[in-house]
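Please read the structure below before turning to the comments.
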Amino acid sequence: LTPGLWTTLRLRKPSHIDKCNEFVRRSKHLLLDLMMDTVGRKFHQPGFTLGIEEFNVVFDFAHNNSRRLRTFLCRVSDLECKQRARDRLHDLPPVPHLETLQLYHLQMWEDTANLVNQTTRAPVLVVRYETKSLVNLSLVGVNLAWSLELTPYLAGLRTLELALHAVNVRPTVEEWEAILRGCPDLEGLTLHYSGPRVNGPWVIEPIPLRR
């Protein structure tokens, strides 16, 4: 069998777990594109969706195959899974071939106060090992440590998407400028209820792009 046919792993149902194990075997040593999607307890349907009970089993695909990951997309929809994802991403082994990282926290909030309280937590360091190959980054409802010193892969990007960030967890204007200056080959920038945290006048020199 052609190994290239089995490199895309989609995990949305319990039945996908065995299927993806077989895909990993058939893909030999090729790079993998992994997408995992979990739901909160309120919407979890045993046997049909992936929830907190299956979370570690699903995330093991990323840990066990980290050196083969080319794309990693993780989507959570409740705080319980988000906290588990924070812990597992913090401990993720090296991902030397990772090109695309997409992290989503999409949740129906009951009230504004709950949203503010839960989305202003200090970030943990995720993907702690060097990832020079990363060029595409999407963070939706997920905030990082924005300094290049703590999160060096914010530099060297070709595409960057930031969305749904409370004002006080957005990067400072200094961090934002450093990110943009660190991405001279940037081709795409998407902002939706995100961007720099501006508290006053902001004047900087133009930021040149090569493309």
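General remarks:
- Checklist (1) touching a Lys or Arg at 6+ places or on another chain (Cβ under 7 Å); (2) under 28 Å from Val140 (Cβ atoms) applied to Pro3, failing item: (2)
- Leu9 in contact (Cβ under 8 Å) with a residue 60 or more places away in the chain and either touching a strand residue (DSSP E or B) at 6+ places or on another chain (Cβ under 8 Å) or farther than 22 Å from Leu139 by Cβ (or both): no
- Of the residues screened, Thr38 is one that is among the hydroxyl-bearing types (Ser, Thr, Tyr) and within 28 Å of Leu134 (Cβ to Cβ).
- The criterion of being buried (at least 17 other Cβ atoms within 10 Å of the Cβ), among the aromatic types (Phe, Trp, Tyr) and within 17 Å of Leu103 (Cα to Cα) holds for Phe61.
- Every residue from region 184-211 that is at pLDDT 85 or above and hydrophobic (A, V, I, L, M, F, W, C): Leu186, Leu189, Leu191, Val198, Ile207
- For region 138-197, a residue qualifies if it is within 21 Å of Asp78 (Cα to Cα), open to solvent by less than 20 Å² (accessible area, probe 1.4 Å) and assigned to a strand (DSSP E or B), and the qualifying residues are Ser138, Leu139, Val140, Leu162, Ala163.
- Test for Ser27: is it small (Gly, Ala, Ser) and at pLDDT below 95: no
- Just one of (1) under 21 Å from the mean Cα position of the chain (by Cα); (2) surrounded by 15 or more Cβ atoms within 10 Å (Cβ to Cβ) fails for Phe23. It is (1).
The values are calculated or read from the model by the stated rules, or taken from the named source; none is laboratory data. For clarity, every value in this text was computed on a predicted model and none was experimentally measured. Cβ atoms come from the backbone with ideal geometry, glycine included; neighbour counts cover every protein chain shown. Accessible surface is based on the protein model in full, side chains and every heavy atom, while ligands, DNA and RNA are left aside. Shrake-Rupley method; radii C 1.70, N 1.55, O 1.52, S 1.80 Å.
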